[in-house]
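Below is one structure, written out as structure tokens; the observations come after it.
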Amino acid sequence: MTETPQRVAIIGGGYAGMAAAVTLAAQRVPVTVYEAGPVLGGRARRVEINGVTLDNGLHILIGAYRETLRLIAEVHPSPASALLRLPLNWHMHEHLHLRAPKLPAPLHLAVALLTAKGASLRESFAAVRMMRALKATQFKLVRDTTVTELLRSHTQGPVLTQHLWMQLCVSALNTPPEKASAQLFLNVLCDGLNADRAGSDLLIARVDLSALFPEPAADYVRARGGEVLTSCRVSSCTPAASGFAVTASNETHTFSHVICALPPHQVAAFLARVDALTETIKLVQALEYQPITSVYLQFDGHVRLPSSMTGLSQGVAHWLFDRGAICGQHGLIGAVISAEGTHQNLTQEALAGRVLDELKAHFGPLPPLKWQRVITEKRATFSATPGLRRPQQKMPLQNFWLAGDYTASDYPATLEAAVRSGISCAHGILGETAAL
């Protein structure tokens, strides 16, 4: 048995890459993380607008994201204060409100459904029956289908379909229900609503997404002898006699293992230089993508929403975040629009105007607007369609691994999927080393 790999290169400093780095560093494996951008986090990173620290995309976590929460707790100096934890309180403004009581799962969900404001008892009972039927099958389908078809087969009523299940689908899978994989949706439901009471909690970052995990993870890695390099783009990675030759910023270093943690739309071009990965490239190139749009509205005065996170069902915005209540950014409202839709036909100015009009329509007069900003990640996630084939983390090329939320997983493209993929790659490398 050898001790540890000589060195591991991790290409990409998002949540997947940093999860791999932390897992390896915890075992004192020397790692070097290469991040092309100036800020760690990938598609979940910090941006600064008009002197205000924001995120390039508004994300929430759920209590079922156990690996993400575990790593945050391991590396963050104050994990409890970095996240606002809210017991399940589903508030779709003027349409549906359900609150989960302090009961064991899945009883907490059953009571929440049966006492939901806005849904009839008939609809609520149909939802409870669906969850019981899904539990009886361990949330597994014989054949994957769409979320729309799944809800139809369980005769879900219009209120809960539109204001709960479809909103959950778009939030979790970032894919319209008529296109979304029912099995991936059920995997999230099983962990989030059925496994245990805490799994359904909603967690909202009180700090920016780079400060939540990737940056504390970098400190953790450096404290254990590793390197985390930003603004350092890898120009080539080629097999060498003793591993892989990685070139970045005109410097070449040799590593025994490589984890490629680039976003999928960059992976194909990067892997194209390696002949052994042709089939993986085909799988990545076959992926289709869905956008996430975040709209920030900064008002010159006090603004307060009914809750820290408020849903809208019949407009362009899906969720509103009261940044004053969440993280002390007073007068700032963030709105998230998940997946494709007619909003993509609007200019940024027109889209921000639509969200502003919706705020006024629902919550009355507002203070003057100081500034607005629209941020769109056009390829925020893969389109989570039924039966989608996703590339494995372990590549046909020895000692070469692939990490990212788009790799093979029971989860859709979430922070948890990204973190799990990075951990899986790290465990694979540790296992290979132990076997030598």
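Taken together, the values in this text are just the output of simple stated rules run on the coordinates, not laboratory data. Computed from a predicted model, the values in this text were never measured in an experiment. Ideal geometry is used to build each Cβ from the backbone, glycine not excepted, and the neighbour counts take in all protein chains shown.
The relative contact order of the range 88-200, computed from alpha carbon pairs under 8 Å that lie at least 6 residues apart in sequence, is 29 percent. Sparsely packed loop sites in the range 96-202 (the GluC sites (Glu not before Pro) outside DSSP H, G, I, E and B with at most 13 other Cβ atoms within 10 Å) comprise GLU178.
Packing around the peptides 106-112, 134-140, 374-380, taken as the average count of other Cβ atoms within 10 Å per residue, puts them in this order, highest first: 106-112, 374-380, 134-140. Magnitude of the charge dipole for the range 289-382, about its Cα centre and with charges confined to Cβ atoms of Lys, Arg (+1) and Asp, Glu (-1), is about 120 debye. Where only DSSP H runs of four or more residues are counted, the chain gives -9500 deg cm²/dmol as its mean residue ellipticity at 222 nm, each run worth -39500 (n - 2.57). Magnitude of the charge dipole for the chain, about its Cα centre and with charges confined to Cβ atoms of Lys, Arg (+1) and Asp, Glu (-1), is about 740 debye. Normalised by residue number, the volume inside the convex hull of the Cα atoms of the chain is 146 Å³ per residue.
Among residues other than PHE244 with Cβ under 15 Å from its Cβ, the summed charge is -1 (Lys and Arg +1, Asp and Glu -1). Considered as an equivalent ellipsoid built on the Cα gyration tensor, the range 258-298 has semi-axes of 29, 12, 6 Å, the largest given first. The shape of the range 11-111 comes out oblate: with a ≥ b ≥ c from the C-alpha gyration tensor, a/c is at least 1.5 while a/b does not beat b/c.
Assign one of three labels to the range 334-436, namely rounded, prolate or oblate, based on the Cα gyration tensor with a ≥ b ≥ c the square roots of its eigenvalues; rounded applies when a/c is under 1.5, prolate when it is not and a/b is larger than b/c, and oblate otherwise. The shape class here is prolate.
Evaluating kT/(6 pi eta Rh) at 25 °C and 0.890 mPa s, with the Kirkwood radius of the range 237-345 over Cα pairs in the Stokes-Einstein relation, gives 135 µm² s⁻¹.
Over the range 289-382, all Cα pairs binned in 10 Å intervals from 0 give whole-percent P(r) values of 16, 53, 27, 4, listed from short to long.
To the nearest whole percent, what portion of all C-alpha pairs in the range 134-260 is separated by more than 26 angstrom? All intermediate terms of the calculation are to be shown ahead of the outcome.
Details: 4126 of 8001 pairs.
Tail of the P(r) past 26 Å holds 52 percent of the pairs.
What the pair-distance distribution of the range 88-200 shows, using all Cα-Cα distances binned every 10 Å from zero, is 15, 50, 33, 2 percent. Helices that extend 18 Å or more along their long axis by alpha-carbon positions and average at least -0.5 on the Kyte-Doolittle scale are, among the DSSP H runs of the chain, 121-136, 348-363, 415-435.
Each peptide in 281-294, 7-20 was scored by the mean count of other Cβ atoms within 10 Å over its residues; highest first, the order is 7-20, 281-294. Along the axis of the charge dipole computed for the range 88-200 (Cβ charges of +1 for Lys and Arg, -1 for Asp and Glu, origin at the Cα centre), the listed residues ALA116, MET92, CYS169 are led at the positive end by ALA116. In this model, which of LYS179/LYS378; LYS179/LYS360; LYS117/LYS360; LYS135/LYS378 are farther than 25 Å apart at the alpha-carbon? Checking Cα-Cα distances, LYS179/LYS360; LYS135/LYS378 exceed 25 Å.
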